[in-house]
Every structure is written in structure tokens, then in C-alpha cells.
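Accompanying notes for the structure given below.
The values are calculated or read from the model by the stated rules, or taken from the named source; none is laboratory data. Not measured: the values here are computed from a predicted model. Virtual Cβ from ideal backbone geometry, glycine too; neighbours counted across all protein chains shown. What goes into the accessible areas is simple: the full protein's heavy atoms, side chains included, and nothing from ligands, DNA or RNA. Shrake-Rupley method; radii C 1.70, N 1.55, O 1.52, S 1.80 Å.
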Amino acid sequence: MKQKKLIIFFPSIGNGGVEKNFYIISNFLIRKVKNISIITSNPQKINFLNKKINVVSSKFSFYKKNRTLQLLFCIFLLISEIIKNKNVVVLSFQSNSYATIICYLLGVKIVSRANSSPKNFLKNGFKKFLYVSIMRLSSEIIVNSREMKLDFKKDFNLQSNLIYNPLNKQEITKKAQKKIKNGFLKKIKHLKIINIGRLDLGKDQLTLLKALNLIKNKIKFQLILVGRGPEKRNLQNFIKNNKLNKNVKIVDYQKNPYPILKSSDLFILTSRYEGLPNVLLEAITLKKLIISSDCSTGPKEILQNGKAGILFKTGDYYELYKKILSLKQNKEENKKKILIATKSLKKYDFNLNLNKYLKILDNLEKN
């Protein structure tokens, strides 16, 4: 993209995997695209963004705790930026339907990046029809897992481009070397378990706690939950009510969670839905055994249907309990799973997948 300006639309930036990909992709593109602007209502959260990228937001703060006002304000900013210069392409990371309608009405091209399969949310027939009708107006759609690409085709008859999340193995390995003061995971005879993610219903950490509550009198374990979110209070209450305080610790969101991940034996993901969970790729990079819910989409593909990790039925804490209990009997098999998982990381190559974004944007400029 040598002639056009790129606008990246991300109304509400948080601390999850989507944001991590947003930083990586944006910082790569600024090396190839001269003029990039980010539209967001959270300018205070872009500490990892290259300084050459222009941030379009506001100094006013009255709207910042209301997601609807955040979105409306960013839609206004998007319209304003396009009217100033119609020689633009928009890359949307969030609220794709709204951004697509604006771009269609103003006659500019848009690339919509889907972060998880819409079939998880579109149960209503009318909403599904509306979503499909709007997304057909997108110039290109990007998805990050094979299963999601199939969902878009089968359930919505929408074509999409598969681009895996770019994985920077060297950076993860380097950051994991940093020493941590937290001594919670240092008891040698305990099974050291970790879960990293936003504390909400979608990540479903309660299923993990229920499984460990069944197992607490059978094996010695320690669990660290890394993250913040609306379910923290409920999780704390469960831990307290079931006397898991000595076994389970919740720590706040970490900019660098890799040293804690490196100190663990086992990563457990209990999500009800995903896109392509970065955290599984990061755990594999650090050679950790993974147990994951078989949710759509991503885990099954990353773990190769169970060859590269262990899958359990989403939300089934009793099956998860049995999977954890069987680890000791399957040590050699699990070592093989880790090896298979490590060898499978090539398709998530950092530069390979980032260049696919550039190729799509370049093609839009030519056409």
C-alpha cells in the first residue's frame, strides 16, 4: 500500500489475545505502509503501539465506561476520517458490521477480521440474515482458523481468507527467561497448573475450579489463574467456599505472563468458544502439556484432534477431572503429544502470516 491511507478500527481495546494480534499486525504494517491511523476510544491502552502510527481518539472521558457510547463515538470518528480522505482502506478488528456499513455507504474498501466464529452468537434467524447481508459488503474477510473458515462457508456462505495468528517464538522464549518473585508454583511434588485469560463466562474458569475441587483430596496441585474480568468475584467465592485457598491463586493480568507459564507443568483452557487461542500456541512454544475444551474454534486444530494435546467436552468438569487424574498413568504418551505440538508450529510462523495481511491490502489498492 503505497498510495492509500490505512485506518484500523478498534473501538474498545482490552487486554486479550485479539489485542495482542492487533499490536503485532499494526506494528508490522507501519513498516510497509506510510500512513496508518488507529481509531479507538482507549488511547491509554496502546502502550505497545509504534509511535509512527497516528491515534485518532478524544481527550473527553465521559463516554469511556459505556461500550455503546464508545462504539458510537468511534463510528463518528471513522466517518470523519473517511470524509477527510476517501483514498483509504479500513481494517476492522471489532464491531465489523458497523464499520462495514459505514465503508459501504461512503464508498471505501474494508477488510473485516473475525476474532471468533459468529455461529456462537447468531442463534436468531433474523440476526443471522442481517449479519450475512452486511458482511457480503466487506471487500475481504479474514479468519484465523480452518474451522472458522469452514463455518463462514457452510453456515453463512461467505468466502474468507485464512491467516493464522503470527507467533513470535523467539520473543516468547526470551521473555520467559525473566525471573519471577512469585513462589506459589515452586513446590516440587505438586502438579503446577496454569490458566491465562480474561475472567469471564466465555473463558469459563469455573469449570476448571469444579474439576479441581473433585481432585483436591487425590493429588497435590497448585493452580494460578492469570487475568482480570467480571467473573473474578464469583471465582473467589467458589475458591473460598470449597476451601481451595491453599491450592488456587488468582493473579492480575500480566504484561509478561511467560515466566509464570514456564514455571508450570500443565496449561488448561476451559473456554466455551475461541477464535484461535494465542495462549495455546504460547504454551506449546514453552513445551507445556495442554488440556483444552473442545470448543469452536481453534483448540482442536492446534492440538490436532488430540494428537498434540488433550481435549475434553466443553463445560464438562467431570471429564476434565478424569483427564487430570489420568496424567500420571500417561506420562510417556503425553511427552509425545508435546513433541508433536512443538513440530506443528511452522504454519503459525510470524513473518509468513504477517505478509499475508500486506498481500491482501496491496491487492485491494491495485483493484
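Is there a residue being among the charged types (D, E, K, R), out of contact with any strand residue (DSSP E or B) (no Cβ under 9 Å at 6 or more places or on another chain) and outside any helix (DSSP H, G or I) anywhere in region 5-19?
no
Among the numbered conditions (1) at pLDDT 90 or above; (2) hydroxyl-bearing (Ser, Thr, Tyr); (3) in a loop (DSSP other than H, G, I, E, B), tell me where Tyr131 comes up short.
(3)
Determine the pairs where a residue that is at negative phi, located within region 241-253, has a partner that is open to solvent by less than 70 Å² (accessible area, probe 1.4 Å) and of a type in the set (D, E, K, R) with Cβ atoms under 7 Å apart, the partner being 6 or more residues away or on another chain.
Leu244/Lys216; Asn247/Lys216
Out of curiosity, is Val33 at pLDDT 95 or above and touching a strand residue (DSSP E or B) at 6+ places or on another chain (Cβ under 9 Å)?
For Val33, the condition - at pLDDT 95 or above and touching a strand residue (DSSP E or B) at 6+ places or on another chain (Cβ under 9 Å) - is not met.
Looking at Ile310, Ile324, Ile338, which one is touching a Lys or Arg at 6+ places or on another chain (Cβ under 9 Å) and in contact (Cβ under 8 Å) with a residue 40 or more places away in the chain?
Ile338
Looking at region 278-366, what helices (runs of 4 or more DSSP H) fall wholly within it and have at least 2 residues that are surrounded by fewer than 18 Cβ atoms within 10 Å (Cβ to Cβ)?
Passing ranges, in order: 317-325, 331-343, 350-366.
Search region 238-267 for residues being open to solvent by 70 Å² or more (accessible area, probe 1.4 Å) and outside any loop (DSSP other than H, G, I, E, B), and hand back the single one that is nearest to Lys175 (Cα to Cα).
Lys262
Is one or more of the residues making up region 79-95 in a loop (DSSP other than H, G, I, E, B), open to solvent by 70 Å² or more (accessible area, probe 1.4 Å) and touching a helix residue (DSSP H, G or I) at 6+ places or on another chain (Cβ under 6 Å)?
Within region 79-95 (the criterion being in a loop (DSSP other than H, G, I, E, B), open to solvent by 70 Å² or more (accessible area, probe 1.4 Å) and touching a helix residue (DSSP H, G or I) at 6+ places or on another chain (Cβ under 6 Å)), the answer is no, since none of the residues qualifies.
Kindly indicate whether any position in region 154-169 is open to solvent by 20 Å² or more (accessible area, probe 1.4 Å), without any contact (Cβ under 8 Å) to a residue 60 or more places away in the chain, over 22 Å from Ile36 (Cα atoms) and within 16 Å of the chain's Cα centre (by Cα).
yes
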